[in-house]
Amino acid sequence: MKNIDLDRLLRSAARVKDDASAEMPFGFDTRVIALSRWNGNGAAFGAFLRRVAFAAVAVIVLATGGAYFEFNQNGDAITGSGNEYAIADSVIQDEVAQ
């Protein structure tokens, strides 16, 4: 769109008087709620939320079980997360070898 067209549209939009009220018409919100209940959208949305919550709980349980299994595999809390001295020693040996 050219700047001339844009300027013309902006000028015409500025001249329009906005007398429309910012409020919803009387009874609009109750009609929307009644239609959503009649169509069953509320029940479908609730079922969707329950499925999402169930999936989230399943992921949390699996992640917790996996972490528990990994940290208790050796029976020692220090070696379960890695031997820090062995890691530091290998890094020092790599630096000295270069």
- Note on the structure: Only unsatisfied item for Ala14, checking (1) surrounded by 10 or more Cβ atoms within 10 Å (Cβ to Cβ); (2) among the aliphatic types (A, V, I, L, M); (3) modelled with pLDDT of 75 or more, is (1)
- Query: Has the stretch 44-57 got any residue that is modelled with pLDDT under 85 and more than 31 Å from the chain's Cα centre (by Cα)?
  - Reply: no
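The values are calculated or read from the model by the stated rules, or taken from the named source; none is laboratory data. Every value quoted in this text rests on a predicted model; they were computed, and no experiment measured them. Cβ sites come from the backbone with ideal geometry, for glycine too, and all protein chains shown count toward neighbours.
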